[in-house]
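Notes follow the structure.
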Amino acid sequence: MNRPAPVPAEAEGIEAEALYQLASAVPELVSDLLGLSVTRFAGGVVLSMREDASDRWSRAVGLGFAEPITFDLIGDVIDIWEANRGTSGTLGLAPSVLPGNWDLIASAHGLRPRDVRVRHVGRIDDLDLGTSGVRAGAIEPGEVEEWSRIMAAGQPPAMRDLYTAAVFNPAFLSFAAWDGQEMVAAAGLVVRDRQALLNCGPSAPGHEGAAVREALTRVQVEAAAMAGCDWVSAGTGPSGAAFEAMRRAGLRAAYRRSDWAWVG
């Protein structure tokens, strides 16, 4: 019997698990270089990265389901970041977990709205994957270095080692798209309880179009089906190639999540 559609707790939970798996598999030397720490907290995951040029890796996700969002809980998250000598972080909170006094909590902790993320979900049997003419598939061992380079574009050099470690983590599946013999985009997949999270990785300059994203989405969903999943979910921005690839494949925009920025 197919599972019902993922509720926000499941959709946010698989993102939290992906974040934990990605960070916890990093070699100790790389973790030290990045100032990386990750912990399971209050049913979610809190990651802190001191050496984060992108200002996007210190994150807390999956909160508000096991325990309610309160002033003290948000303070505890900030304490985790500060204990790692972090100076900023982002809270990703599903709209359904925000309490009635959220504006007061956010103001008291100096939080401000940051990005809007759209959570897409789709039953695999209902999706229309089609073909885009772009070659995409799982990467081979000899392609790990190039895949990691694309995933880490614009980030500190040590991030390549983080992504390389992810390739060898059995919790992850890694995919790429090619233009001829050139790898031009990267993506990943995480499976949990017959649900899969589609990671919409970056594309090389000049290859950011919908055809590349659609090709990657197709091979990701096919792999999720082979792993016994009924549903897939993904997080994207409110527009762009990744958003359009989800829409064209038949995934439904289930809800929008406002991320909240903290600066110490």
Karplus (6.51, -1.76, 1.60) ³J(HN,Hα), θ = phi - 60°, over region 216-223, in Hz, Gly and Pro reported as x: 5, 4, 4, 6, 5, 5, 4, 5
Most mobile listed residue (Arg50, Arg117, Arg85) in the chain, GNM with C-alpha springs under 10 Å: Arg85
Amide H partners (placed H, <5 Å) of Asp115, local residues excluded: Asp259
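So for region 1-129: antiparallel DSSP bridges make up what percent, rounded to the nearest 5?
Looking only at bridges with both residues in region 1-129, the antiparallel portion is about 75 percent.
For the chain, what is the mean residue ellipticity at 222 nm derived from helices alone (per DSSP H run of n ≥ 4: -39500 (n - 2.57); sum divided by total residues; nearest 500 deg cm²/dmol)?
Helix contribution divided over all residues of the chain: -10000 deg cm²/dmol.
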Spin-label pair Arg256/Asp72, simplified geometry with 7 Å Cα→Cβ offset, distance in nm: 3.4 nm
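Quick one: which of 253-259, 170-176, 102-108 comes out on top by average Cβ neighbours within 10 Å, and what's the full order, highest first? Walk me through the numbers on the way to the answer.
Working: 253-259: 16.7, 170-176: 19.9, 102-108: 14.0.
Ranking the peptides 253-259, 170-176, 102-108 by packing returns 170-176, 253-259, 102-108.
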Length-normalised contact order of region 123-255 in % [C-alpha pairs under 8 Å, at least 6 apart]: 30 percent
Mean projected area (nm²) of the alpha-carbon convex hull when region 193-235 is viewed from all directions: 3.1 nm²
Relative contact order of the chain, pairs being alpha-carbon contacts under 8 Å that are 6 or more residues apart, as %: 25 percent
Efficiency of FRET from Cβ geometry, Asn169 and Ala211, R₀ 25 Å, rounded to 0.05: 0.30
Relative intensity, log₁₀ I(q)/I(0), of region 123-255 from a Debye sum that treats every alpha carbon as a point, q = 0.13, 0.20 Å⁻¹: -0.49, -1.20
Segment Glu145-Gln181, length gained on full extension (0.36 nm per residue, minus Cα span): 11.5 nm
Label-point gap, in nm, between Ala138 and Ala9 - each point 7 angstrom along Cα→Cβ: 3.3 nm
Value of relative contact order over region 154-193, rounded to a whole percent, pairs C-alpha under 8 Å and six or more apart: 30 percent
Check: the chain dipole with +1 on Lys, Arg Cβ and -1 on Asp, Glu Cβ, in debye: 560 debye
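Pull up the DSSP beta bridges for the chain and report the antiparallel fraction as a percent, rounded to 5. Provide the component values of the computation, followed by the final result.
On the way: 46 of 53 bridges.
Roughly 85 percent of the DSSP beta bridges within the chain come out antiparallel.
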Angle in degrees between helix 8-24 and the longest Cα principal axis of the chain, rounded to the nearest 10: 90 degrees
Distance (nanometres) between label positions extended 7 Å along Cα→Cβ at Asp115 and Ala53: 1.8 nm
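Only the coordinates and a few stated rules stand behind these numbers; no lab work does. All of these numbers come straight from a predicted model, not from anything done at the bench. In this analysis, Cβ positions are derived from the backbone assuming ideal geometry, glycine residues included, and neighbour counts consider all displayed protein chains.
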